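Peer 1: Let me give you the structure first, and then I'll get to my questions.
The values are calculated or read from the model by the stated rules, or taken from the named source; none is laboratory data. Predicted, not measured: the structure shown is a model, and the values here were computed from it. FYI the Cβ positions are ideal-geometry reconstructions off the backbone, even for glycines, and counts take in every protein chain you see. Just the protein is used for accessible areas: all its heavy atoms, side chains included, with ligands, DNA and RNA removed. Shrake-Rupley method; radii C 1.70, N 1.55, O 1.52, S 1.80 Å.
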Amino acid sequence: MATASQSFPRSPADANPGAPAGVRDSMAPEREIVPVGRADSVLDLVGNTPLLEITRLTAGLIPAGVRIFAKLEGFNPGGSVKDRPARKMLEVGIAEGKLKPGKVILDSTSGNTGIALAMLGATLGYPVELVMPSNVSRERKKIVEAYGAKIHYSDPMEGSDGAIIMCRQLIEQNPGRYFKPDQYNNEANALAHFETTGPEIWRQTRGQVTHFVAAIGTGGTVMGTGRFLKLKNSAVRVIAVEPDDAMHGLEGLKHMASSIVPGIYHEQELDDKIPAGTEEAYEMVYALGQTEGILVGQSSGAAMIAALKVAQSIREGTIVTVFCDFGDKYLSTNLWIGWHQWRRERLQQVIAKWRMK
């Protein structure tokens, strides 16, 4: 059965395997950080998401000494990992006097950051306008509109890059009107993960994390979290996941060689980068739903594929990956077109494929 992070050590001795036996046995487990029971604002609910061990899907596929955990970012109030950088970028903007009464928050987004900005803008009392490719899921469009934000639609064939360009054009037309968080170039994006995601993973694994695996969109998650974990232990390997082709169907992710590279993304800081295919990511989403009982988006399927590849390449280790959001925002997308043809035997074929690797 999959287990939550509160029971991470398999025994008291596992809490600090490097300590002498007598010391290990006497150590009390570190108290877990849990979500607040009462909050004054939605801002207080961002972060402190649970860590789930993936065990049913991985049974028989990875060495006994390897464990895979997923950070379930769908538990953020806006439903994704993007709540973290959105909050930080707005906080920094207000502190620096760039975001002030009369300004409109404007940014380009494939969806999740837009939802986060719309939610937080409503909470803070700022109007929000977003530029999104017109082919983002209906669910995302409706959620953004429900928060009262205005959407400008860009060419779907140009993806996130087209949204970036249109956003720049809107600002050029009326530069004094907008505050642009600029998630692709604002270091507060990565800082949010350095200050929250990284420390949470370190606490939740009792410092035992050996590999961190994250899909790249803006690059903020892998950069910020990776920096913190490297600071705590330079031996931790930081691994990015990207689509294996420019014409991919992994909404929210960037194929860096064919895209506008975000200013906050610094590939030299990575230990490795793993490609993931669209179809195999979709299949992994289905497999996670049928084995672990968690419905996630396609970027999480890609992240799980990479985590499995890492797990099969080592003998011992604790791998932590990020499931950026849940799958309910994608039910109207191509992710689920093939779902009616999916049967239990297909799940077994997918698992068998991994068993042969």
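Peer 1: Among the listed pairs Lys150/Lys309; Lys71/Lys232; Lys100/Lys273, give every one whose C-alpha distance is greater than 29 Å.
Peer 2: Numbers: Lys150/Lys309 41 Å; Lys71/Lys232 19 Å; Lys100/Lys273 39 Å.
Check vs 29 Å cut-off fails for Lys150/Lys309; Lys100/Lys273.
Peer 1: Moving on to the next point. What number, rounded to the nearest 500 deg cm²/dmol, is the helix-based mean residue ellipticity at 222 nm of the chain, given -39500 (n - 2.57) per DSSP H run of at least four residues and division by all its residues?
Peer 2: Working: 11 runs with 122 residues, N = 357.
My calculation for the chain gives -10500 deg cm²/dmol from helical runs alone.
Peer 1: Starting from the 7 Å offset along Cα-to-Cβ, what nm value, one decimal, do you get for the label separation of Ala122 and Gln348?
Peer 2: About 4.6 nm, to one decimal.
Peer 1: Which whole-Hz couplings ³J(HN,Hα) result when phi for each residue of segment 219-233 is put into the Karplus expression 6.51 cos²θ - 1.76 cosθ + 1.60, θ = phi - 60°, listed in order with x for Gly and Pro?
Peer 2: x, x, 5, 5, 5, x, 5, x, 4, 5, 5, 5, 5, 6, 8
Peer 1: Of all accessible surface on the chain at a 1.4 Å probe, what whole percent is carbon and sulfur? Let's see the in-between values first.
Peer 2: Details: 7990 of 15290 Å².
Ligands and nucleic acids excluded, carbon and sulfur give 52 percent.
Peer 1: May I pose another question? At q = 0.20 Å⁻¹, what log₁₀ I(q)/I(0) does segment 127-281 have when each alpha carbon counts as one equal point scatterer in the Debye sum?
Peer 2: -1.28
Peer 1: Another question about this same structure. I want the local charge near Ile294. Using Cβ-Cβ distances under 13 Å, sum +1 for each Lys or Arg and -1 for each Asp or Glu among the other residues. List each step's numbers first, then the result.
Peer 2: Details: positive: Arg56, Lys71; negative: Glu53, Glu73, Glu292, Asp325, Asp328.
Once all neighbours under 13 Å are counted, the net charge is -3.
Peer 1: Once the whole set of protein chains is in place, how much accessible area is left on Phe326, using a 1.4 Å probe, in Å² to the nearest 10?
Peer 2: Phe326 has an accessible surface of roughly 50 Å² with all protein chains in place.
Peer 1: Would you mind checking which residues have amide H under 5 Å from Phe179's amide H? H placed 1.01 Å from N; only 5 or more apart, or other chain.
Peer 2: Answer set, sorted by chain and number: Val104, Ile105, Leu106.
Peer 1: Limiting things to C-alpha atoms, what are the Rg and the maximum Cα-Cα separation (Dmax) for segment 266-312, in angstroms?
Peer 2: Rg then Dmax for segment 266-312, in Å: 11.8, 37.
Peer 1: So, one more: On the first, second and third principal axes, largest extent first, how far apart are the outermost C-alpha atoms of segment 78-165 in Å?
Peer 2: Principal axes ranked by extent give 37, 25, 23 Å for the Cα atoms.
Peer 1: By how many nm would the segment from Glu269 to Leu331 grow when fully extended, if each residue of separation counts as 0.36 nm and the alpha-carbon distance is taken off?
Peer 2: Numbers: separation 62, 0.36 × 62 = 22.32 nm, distance 3.51 nm.
Between Glu269 and Leu331, full extension yields an extra 18.8 nm.
Peer 1: Could you sort Ser300, Ser110, Ser258 by their accessible area in this structure, using a 1.4 Å probe and putting the largest first? List each step's numbers first, then the result.
Peer 2: Working: Ser300 0, Ser110 30, Ser258 65 Å².
Listed by decreasing accessible area, they come as Ser258, Ser110, Ser300.
Peer 1: For the full complex of protein chains and a 1.4 angstrom probe, list Glu280, Glu91, Glu200 by accessible area with the highest value first. Present the calculation step by step, with values, prior to reporting the outcome.
Peer 2: On the way: Glu280 55, Glu91 80, Glu200 10 Å².
Of Glu280, Glu91, Glu200, the descending order of accessible area is Glu91, Glu280, Glu200.
Peer 1: For the chain, find the longest principal axis of its Cα atoms and tell me its angle to the long axis of helix 159-173, 0 to 90°, nearest 10.
Peer 2: Taking Cα atoms only, the helix is inclined about 30 degrees.
Peer 1: On a 0 to 90° scale, report how tilted helix 298-311 is relative to the longest principal axis of the chain, with both axes built from alpha carbons and the result rounded to the nearest 10.
Peer 2: The two axes meet at around 30 degrees.
Peer 1: Let me ask another. Rounded to the nearest 0.05, what FRET efficiency do Leu61 and Lys142 have when you use their Cβ-Cβ distance and R0 = 45 Å? Intermediate results must be reported in sequence, preceding the final value.
Peer 2: On the way: r = 38 Å, r/R0 = 0.83.
So, using R0 = 45 Å, E works out to roughly 0.75.
Peer 1: Long-range amide H contacts for Leu99: which residues qualify at under 5 Å (H placed 1.01 Å from N, peptide plane, sequence gap of 5 or more or a different chain)?
Peer 2: When sequence neighbours closer than 5 places are left aside, the close amide H contacts are Ile94.
Peer 1: List the aspartates and glutamates whose Cα sits under 12 Å from the Cα of Lys329, skipping any in the same chain fewer than 8 residues away.
Peer 2: Within reach: Glu139, Glu251.
Peer 1: Students sometimes get this wrong: rank Ile351, Ile143 by accessible area, probe 1.4 Å, all chains present, largest first.
Peer 2: Ile143, Ile351
Peer 1: Okay, moving on. With the convex hull built on the Cα atoms of segment 201-325, state its orientation-averaged projected area in nm².
Peer 2: Details: hull surface 30.4 nm².
That works out to 7.6 nm², a quarter of the Cα hull's surface.
Peer 1: Where in segment 181-203 does the label zone of Ile171 land, with the point 7 angstrom along Cα→C-beta and an amide N cut-off under 18 Å?
Peer 2: Only 181-191 fall inside the zone, counting backbone N under 18 Å.
Peer 1: Using Cα atoms only, what is the angle between the long axis of helix 83-95 and the major principal axis of the chain, expressed in degrees (0 to 90) to the nearest 10?
Peer 2: 50
Peer 1: Residue separation times 0.36 nm, minus the C-alpha to C-alpha distance between Ile94 and Gln290: what's the value?
Peer 2: Working: separation 196, 0.36 × 196 = 70.56 nm, distance 4.40 nm.
Gain on extension, Ile94 to Gln290, equals 66.2 nm.
Peer 1: Same structure, new question: Want the number for Lys150 to Ser41: 0.36 nm per residue separation, take away the alpha-carbon distance, what's left? Working shown, then result.
Peer 2: Working: separation 109, 0.36 × 109 = 39.24 nm, distance 2.27 nm.
Fully extending the segment from Lys150 to Ser41 adds 37.0 nm.
Peer 1: Here is a further query. Tell me the per residue accessible area of segment 114-257 using a 1.4 Å probe; a whole number in Å² is fine.
Peer 2: Working: 5550 Å² over 144 residues.
In whole numbers, segment 114-257 has 39 Å² accessible per residue.
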